[in-house]
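All of the numbers you see were taken from the coordinates with simple rules; none came from a lab. None of the values given here were measured: they were computed from a predicted structure. So basically every Cβ, Gly included, is an ideal-geometry build from the backbone, and we count neighbours across all protein chains shown.
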Amino acid sequence: MFFTVSGVKHVARRWCSDGFEFRCDDGAPLRVVFALDCCDREAMSWAATTGGYTGDMVRDVMLQAVESRFAGALAAESEIEWLSDNGSCYIADDTLTFSRKIGLKPVTTPVRSPQSNGMAESFVKTMKRDYVSWMPKPDARTALQNLAIAFDHYNESHPHSALKYRSPRQFRQQTNSPT
């Protein structure tokens, strides 16, 4: 579970989560919640809705992230910090209890301090600038299909300077690490 990023060894021990929204051409809102690995920057899981953010969405994203990183396991192999803001969907008792049950340690940013979750904020900026602004989104159904393509492209092909201009998955493959 060790990665070398810019010559420094890191343990994959912190994931972050946040959400963003945008409007489709027909006016429908699309709200997206995601989980990002703070070491390799992979967007491990995400969920979207035309409704509001919910604790159920966050818990689904948490579980999908754990399952994707630990070969279908229902809990992390060792405790992983889960960094988020203080949104009601993140600090709900059900979400906090569930996160601990699957091996995530909830950590929240200070109130009114989005920069404290800078990696998630940077990811939102990248997704909006490099993907959402360019993709066809006449309606929510089409936007969801294109969003899936965008997340896949981000993980497979989007270069990151901190990863020596490799994509998250290229970085993970080259470090031969399961997490």
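Sorting 135-143, 13-21 by their mean Cβ neighbour count within 10 Å, with the most densely packed peptide first, gives 13-21, 135-143. Working from label points 7 Å from Cα in the Cα-to-Cβ sense, the Val107 to Ser161 distance is 2.4 nm. The order of Asp85, Asp93, going from fewest to most other C-beta atoms within 10 Å of their C-beta, is Asp93, Asp85. Within the straight-line cut-off of under 19 Å between alpha carbons, the aspartates and glutamates reachable from Lys164 are Asp37, Asp40, Glu42, Glu156, sequence neighbours fewer than 8 places apart in one chain being disregarded.
By the count of other C-beta atoms within 10 Å, a proxy for reagent exposure, Met62, Met44 are ordered fewest to most as Met44, Met62.
What are the lysines whose alpha-carbon lies under 16 Å from the alpha-carbon of Lys137, with same-chain residues fewer than 8 places away excluded? Excluding near neighbours in sequence, the set is Lys128. Fully extending the segment from Asn86 to Thr50 would add 10.8 nm, taking 0.36 nm per residue of separation and subtracting the current Cα-Cα distance. Counting beta carbons within 10 Å around each of Ile80, Ile91, Ile149 and listing the fewest first gives the order Ile149, Ile91, Ile80. Across segment 2-173, counting alpha-carbon atoms alone, Rg and Dmax equal 15.7, 47 Å. Each Cα pair under 8 Å and six or more residues apart adds its sequence gap; the mean of these over the residue count of segment 2-173 is a relative contact order of 21 percent.
Between Arg23 and Asp139, residue separation times 0.36 nm minus the direct Cα-Cα distance comes to 40.9 nm.
Computed from phi, the 3J(HN,Hα) profile of segment 43-51 under the Karplus parametrisation 6.51, -1.76, 1.60 (θ = phi - 60°) reads 7, 6, 7, 7, 8, 9, 8, 8, x Hz, with x in place of Gly and Pro.
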